[in-house]
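Here's the structure, in structure tokens; my notes come after.
The values are calculated or read from the model by the stated rules, or taken from the named source; none is laboratory data. These numbers come from a predicted model, not from an experiment. Positions of Cβ are backbone-derived with ideal geometry, glycine not excepted, and every protein chain shown enters the neighbour counts.
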């Protein structure tokens with residue numbers, strides 16, 4: 001199999017300047033001492049978490065190699081797909097980030113205006129490409145009245161997000177808006193195959209609980225590589241007989257490596273779990289003032305600055321601060337894509353994390369916002385109050401707020 005690149009990774013220290021305990025609906029989280037390494041060696045985008053053991057570093061490199069691998073039809077790519085490797089969609093500002101590649105989702109509205117799936121498959125994804133001879137190329141059907149685009153979500157720090165306790169996310173929800181602030185976020189409660197109920201946190205619709213399932217879903221949906229968790233091929237509007245003719249590789253196409261005993265989806269999960277968050281940028285005095293404005297106008301109600309991971313025997317994850325600036329709840333803030341998925345209603349979107357915001361463009365789930373200001377002004381519904389308060393800021397206060405956001 002082809003490998004694109006080999007890189008040397010330097011483990012280093014994540015430093016968030018001016019980090020403090022932040023009130024979250026009455027609760028205060030105080031970050032513990034962070035893992036440190038040599039002074040003056042900040043984490044760069046794409047680096048692993050600082051303090052890896054030799055074994056963990058090997059797992060990170062193995063996962064990075066698989067993340068970069070370009071798949072071919074002989075290895076199971078397709079028959080329909082959006083990308084030939086994970087890194088095609090996750091590469092800005094480094095491997096694990098985002099890109100301008102947008103996937104397409106479809107649905108339709110019934111006579112009462114409610115969301116419906118276009119057909120009995122219950123699928124909403126329509127792939128961009130197909131393998132030669134293109135006999136299984138999907139197309140958006142004429143009966144689709146909802147067509148939505150979704151951008152890739154950056155994966156930096158995802159391993160820490162995975163370990164935020166469900167109870168901490170649930171504690172932030174207020175689905176009935178009992179406090180009267182106009183915000184009514186709710187946790188995405190998902191039933192696992194074991195019957196256990198967990199809180200989703202990955203994907204624009206918070207449709208996945210773990211990075212293993214998140215990666216396995218993308219392997220099947222974005223590259224057409226079937227695996228143990230998603231063992232059946234899918235291409236919208238293509239019959240099972242046609243799929244068998246187009247795809248000669250036996251399912252599941254992601255099999256265990258004889259040497260390591262690991263599947264591709266295991267390697268993806270390791271890479272994402274060990275990928276460090278984006279370190280905070282330069283914090284000027286106006287950014288410090290802007291952080292106070294961010295809280296004062298109500299942005300921190302949804303963009304909760306700080307979480308903490310669960311206790312762990314692994315010091316990489318043990319009660320670590322997670323400066324994600326997200327509550328990981330589902331909200332209707334007027335930017336939804338009209339597609340119902342998992343626990344999310346059609347107009348709900350999981351609050352995007354803002355760490356690394358300065359290195360991310362375009363913005364919003366569909367990439368419609370070019371600037372941070374554009375993204376703020378696109379907010380409505382639950383976020384209408386915060387948007388109005390933003391619009392009423394004087395020029396210098398607004399610039400301070402934007403300076404803060406550009407420091408993330």
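The helices (runs of 4 or more DSSP H) located wholly in region 359-408 that include 3 or more residues which are closer than 24 Å to residue 277 by Cβ and in contact (Cβ under 8 Å) with a residue 60 or more places away in the chain occupy 395-405. Output yes when any residue across region 208-227 is within 27 Å of residue 320 (Cβ to Cβ) and either assigned to a loop (DSSP other than H, G, I, E, B) or more than 24 Å from the chain's Cα centre (by Cα) (or both), and no when none is. There is at least one residue in region 208-227 that is within 27 Å of residue 320 (Cβ to Cβ) and either assigned to a loop (DSSP other than H, G, I, E, B) or more than 24 Å from the chain's Cα centre (by Cα) (or both). Being touching a helix residue (DSSP H, G or I) at 6+ places or on another chain (Cβ under 7 Å) and closer than 17 Å to residue 81 by Cα, is that true of even one residue in region 188-201? No: region 188-201 contains no residue that is touching a helix residue (DSSP H, G or I) at 6+ places or on another chain (Cβ under 7 Å) and closer than 17 Å to residue 81 by Cα. The numbered conditions (1) modelled with pLDDT of 95 or more; (2) under 30 Å from residue 137 (Cβ atoms) are all true for residue 206 except (2). Selection within region 42-92: residues that are under 19 Å from the mean Cα position of the chain (by Cα) and in a strand (DSSP E or B). The member of this set that is farthest from residue 102 (Cα to Cα) is 48. Considering only region 119-138, I want to know if a residue exists there that is touching a residue at least 12 places away in the same chain (Cβ under 8 Å), over 30 Å from residue 248 (Cα atoms) and assigned to a loop (DSSP other than H, G, I, E, B). No; the residues of region 119-138 include none that is touching a residue at least 12 places away in the same chain (Cβ under 8 Å), over 30 Å from residue 248 (Cα atoms) and assigned to a loop (DSSP other than H, G, I, E, B).
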